[in-house]
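One structure below.
The values are calculated or read from the model by the stated rules, or taken from the named source; none is laboratory data. This structure is a prediction, so every number in the text was calculated from the model and none was measured. In this analysis, Cβ positions are derived from the backbone assuming ideal geometry, glycine residues included, and neighbour counts consider all displayed protein chains. What goes into the accessible areas is simple: the full protein's heavy atoms, side chains included, and nothing from ligands, DNA or RNA. Shrake-Rupley method; radii C 1.70, N 1.55, O 1.52, S 1.80 Å.
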Amino acid sequence: MIRKPCFGPAASALLGLFSLSPAQAADTPLGLDATVVTAARSAQTLRDSLAATSLIERDDIERSQAQSVPELLKRLPGVSISNNGGHGKNTSVYLRGTESDHVLVLIDGVRVGSVTTGTAAWQDLPVEMIERIEVVRGPRSSLYGSEAIGGVIQIFTRKGGDGAPKPFFSAGYGTHDTYTGSAGVSGGNAHGWYSLALSSEDTDGINVKSPGTSGYESDADGYRNHSAALRAGWRFDSGLELEGTFLRAKSHNDYDQVNRRGTAGFSANADGEQNVVSGRARFSPLAFWQVTLQAGRNEDKSDTYQDGSFYSRFDSRRDSASWQNDLTLAEGHVLTLGVDYQREEVNGSTDYDEDSRENNGAFVQYLGEYGRHDWQVSLRRDNNEQFGQHETGNIAYGYALTDALRATVSYGSAFKAPTFNELYYPFYGIPDLDEETSRSLEIGLSGVHGWGHWSLNAYRTKVKDLIVYDSSIQGPANLDEARIRGLELEVGGRSFGWDWGANYSLLEPENSGSGANDGNELPRRASQMFNLELDRRFGAFAVGATLHAEGRRYDDVANANELSGYADVDLRGEYRITPEWRLQARVANLLNADYETALGYNQPGQAVYLTVRYQAL
């Protein structure tokens with residue numbers, strides 16, 4: 001199963017369910033001792049977290065046999081995915097009904113994504129490089145600044161452990177001539193750790209568009225990705241800990257698109273590159289005081305070609321640094337003080353009116369507990385070169401009604417700075433756009449029992465000055481407001497030897513502005529989502545199934561184009577040949593469901609994949 005959310009008063013995401021993995025519910029009844037760091041910017045257990053945090057670990061990734069990060073994320077509550085034509089194609093992630101650029105994405109603590117579009121290249125992130133993923137639902141600008149309106153998704157690359165070098169390997173083949181492979185080695189000792197990994201995938205893909213749609217070409221649109229990751233660290237006898245990480249993913253993507261002459265048939269393609277590098281130092285000047293210093297760089301590069309010739313280049317770069325101080329005042333009471341620095345820059349074939357900007361942020365947080373009560377309070381001020389100062393805050397409170405039941409409530413504000421495209425793109429951007437701001441309220445009730453767990457949560461988010469395309473000026477404008485209401489229900493456990501879990505999300509993402517679209521639904525968010533997962537092991541064999549269903553959605557702000565709901569079923573199996581070797585098989589979209597998550601873009605039908613894995617013990 002994929003979920004391991006936190007059992008806690010969802011602080012800024014309180015309504016975010018307590019999503020304990022069924023497998024975990026059985027093996028460790030509460031499973032709340034796993035450590036997460038994203039919700040409070042410091043290490044805490046799921047038991048102590050006051051945010052709705054879902055945790056996907058390496059074992060979950062391999063058991064699910066998912067081939068992409070979006071495949072993993074869509075099984076979590078509150079997550080809706082829009083994809084333009086299958087594996088490797090442009091993908092948008094909507095968290096709790098907010099915009100796709102209202103999700104802050106971190107890799108090993110470094111903020112990532114294009115500074116021109118404001119979104120991350122989800123389709124290019126290699127699953128074989130990932131150790132775990134933490135998903136925090138709800139506003140987190142009071143800790144991270146811009147973008148964290150819907151939540152924060154942090155990806156951690158593979159990390160080595162103690163012991164001699166342990167190699168790992170995988171190779172797979174599937175429908176559409178899909179080839180996958182990975183290899184690496186990890187290890188360490190009492191002081192150090194390291195991990196080096198390589199991965200590759202190549203697929204012929206599907207035809208991303210249907211006959212009659214704009215830009216259609218009668219050919220399959222392939223995808224290729226080559227990735228490498230390195231992570232290493234050392235802990236000195238003095239307690240000083242140093243760690244460095246590096247991730248590179250290079251992709252080639254074929255797609256259908258109308259060319260500059262307004263016709264199709266020109267073999268459009270793009271070469272992309274994602275680079276993330278970071279260095280971190282952690283030490284304790286005094287027993288109660290921990291200092292963390294981190295610096296990093298993210299590069300998002302894309303070269304596109306049309307009609308057999310070069311078309312455009314967009315290279316964006318983000319440099320960041322942070323200084324964080326965690327002060328343990330007493331047991332259960334932690335005060336955090338920190339500052340962040342960020343510089344964004346864009347280069348390429350397009351000359352922007354402004355090509356760089358800086359942001360400085362300072363934040364404070366207090367985590368406390370007393371008896372059955374616990375709380376989290378945080379405040380932040382950002383000073384942006386474009387907008388000046390902006391303040392955000394968050395407060396969350398939890399109360400344990402009994403040893404099995406917990407009630408939570410939280411309130412938080414957040415904001416999103418406009419992207420370079422919205423501000424400065426030639427003949428499109430509007431330099432005096434205001435930032436988008438939000439207010440969110442959550443309440444929830446969750447329980448853990450001998451048979452498993454359940455959670456029921458409700459939230460409401462209001463986004464002001466929502467940036468939308470204004471046809472009257474043929475550019476972006478702060479025209480609309482949005483009101484998003486949601487309900488999330490989750491339940492899971494173990495019965496008759498089966499690990500099982502289900503979640504249901506009901507969403508009402510409404511345009512509440514005064515214009516022509518007042519009362520319409522925000523586009524490309526499913527109004528209902530349901531996930532059901534079953535897994536069981538029979539000695540050397542393991543079997544599992546996933547049902548993912550979504551209700552209807554609209555593709556446009558006018559709600560003129562409705563996309564039907566759908567349901568697809570995945571089956572998976574595994575045979576452990578030896579303790580080190582495993583053979584896996586998966587049938588995706590078993591019932592060959594025909595559906596779209598973006599108008600005019602096809603989704604893959606039934607597909608079969610085989611994978612062999614080796615992991616030294």
(message) I need to check one value: relative contact order of region 514-587, counting alpha carbon pairs closer than 8 Å and at least 6 residues apart, in percent.
(response) 28 percent
(request) Quote the relative contact order of region 165-306 in percent (integer), defining contacts as alpha-carbon pairs under 8 Å separated by 6+ residues. (result) 16 percent
(message) Once each part is reduced to its C-alpha centroid, what is the distance from region 513-551 to region 321-371 in angstrom?
(response) 33 Å
(request) Starting with the highest mean, order 87-97, 316-326 by the number of other Cβ atoms within 10 Å, averaged over the residues of each peptide. (result) 87-97, 316-326
(request) Sequence neighbours fewer than 8 away in the same chain don't count; with that in mind, list the lysines whose C-alpha is under 21 Å from K416. (result) K462, K464
(request) Choose one of V346, S312, S440: the residue whose Cα lies farthest towards the positive end of the charge dipole of the chain (beta-carbon charges +1 Lys, Arg; -1 Asp, Glu; about the Cα centre). (result) S440
(message) Compute the distance from the alpha-carbon center of region 199-223 to that of region 76-117, in whole Å.
(response) 21 Å
(message) Run the helix sum for the chain: -39,500 (n - 2.57) per DSSP H stretch of 4+ residues, divided by residue count, reported at 222 nm to the nearest 500 deg cm²/dmol.
(response) -1000 deg cm²/dmol
(request) Report, in debye and to the nearest 20, how large the dipole of region 512-617 comes out about its Cα centre when Lys and Arg carry +1 and Asp and Glu carry -1 on their Cβ. (result) 660 debye
(message) Report the Cα centroid-to-centroid distance between region 133-161 and region 461-510 in angstrom, as an integer.
(response) 17 Å
(request) Mind checking which lysines have their Cα closer than 16 Å to the Cα of K250? Skip sequence neighbours fewer than 8 apart in that chain. (result) K89, K301
(request) Rounded to whole Hz and in sequence order, give me ³J(HN,Hα) for region 386-398 from the Karplus expression 6.51 cos²θ - 1.76 cosθ + 1.60, θ = phi - 60°, writing x for Gly and Pro. (result) 8, 10, x, 8, 8, 10, 9, x, 8, 9, 9, 9, x
(request) Taking the Cβ of L367 as the centre, find all other residues whose Cβ is under 14 Å away and add up their charges (Lys, Arg: +1; Asp, Glu: -1). (result) -3
(request) Please give the net charge around G113, taking every other residue with its beta carbon less than 9 angstrom from that of G113, where Lys and Arg add +1 and Asp and Glu add -1. (result) -1
(message) Within 14 Å, Cβ to Cβ, of V127, how many net charges do the neighbouring residues add up to if Lys/Arg are +1 and Asp/Glu are -1?
(response) -1
(message) For region 45-191, compute the orientation-averaged projected area of the C-alpha convex hull (one quarter of its surface), in nm².
(response) 10.5 nm²
(message) Probe of 1.4 angstrom, ligands and nucleic acids ignored: what's the accessible area per residue over the chain, in square angstrom?
(response) 39 Å²
(request) Can you spot the aspartates and glutamates whose alpha carbon is less than 14 Å from K159's alpha carbon? Ignore those fewer than 8 places along the same chain. (result) E57, D59, D108, E128, E131, E243
(message) Taking 0.36 nm per residue of sequence separation and subtracting the Cα-Cα distance, how much length would be gained by fully extending the chain between Q528 and Y399, in nm to one decimal?
(response) 43.5 nm
(message) Between F310 and F427, what is 0.36 nm times their sequence separation minus the Cα-Cα distance? Round to one decimal in nm.
(response) 40.0 nm
(message) Tell me which of T328, A190, L610 sits at the most positive position along the dipole axis of the chain, charges placed on C-beta atoms (Lys, Arg +1; Asp, Glu -1).
(response) A190
(request) Select from N383, A542, L507 the residue farthest towards the positive end of the dipole of the chain; place +1 on Cβ of Lys and Arg, -1 on Cβ of Asp and Glu, and compute about the Cα centre. (result) A542
(request) For A190 paired with N207, estimate the spin-label separation in nm (one decimal), with each label point 7 Å from Cα along the Cα-to-Cβ line. (result) 6.5 nm
(request) Might you report the magnitude of the Cβ-based charge dipole of region 262-321 about its Cα centre, with Lys and Arg at +1 and Asp and Glu at -1, to the nearest 20 debye? (result) 460 debye
(message) What's the magnitude of the charge dipole for the chain around its Cα centre, counting Lys and Arg as +1 and Asp and Glu as -1 at the beta-carbon? Answer in Debye, nearest 20.
(response) 1720 debye
(message) If you roll a 1.4 angstrom probe over the protein chains with everything in place, what fraction of the accessible area of the chain belongs to carbon and sulfur, to the nearest %?
(response) 55 percent
(message) Give me a comma-separated list of calculated 3J(HN,Hα) values for region 177-188, in order, Karplus coefficients 6.51, -1.76, 1.60 applied at θ = phi - 60°, integers in Hz, x for any Gly or Pro.
(response) 6, 8, 10, 9, x, 8, 7, x, 8, 9, x, x
(message) Is the C-alpha gyration tensor of the chain telling us rounded, prolate or oblate? Criteria: a/c under 1.5 is rounded; beyond that, a/b larger than b/c is prolate, otherwise oblate.
(response) rounded
(request) Could you work out the relative contact order of the chain, using alpha carbon pairs under 8 angstrom and six or more residues apart, expressed as a whole percent? (result) 14 percent
(request) Be a star and scan region 445-478 for residues whose amide nitrogen sits under 12 Å from the point 7 Å along the Cα-to-Cβ vector of R537. (result) none
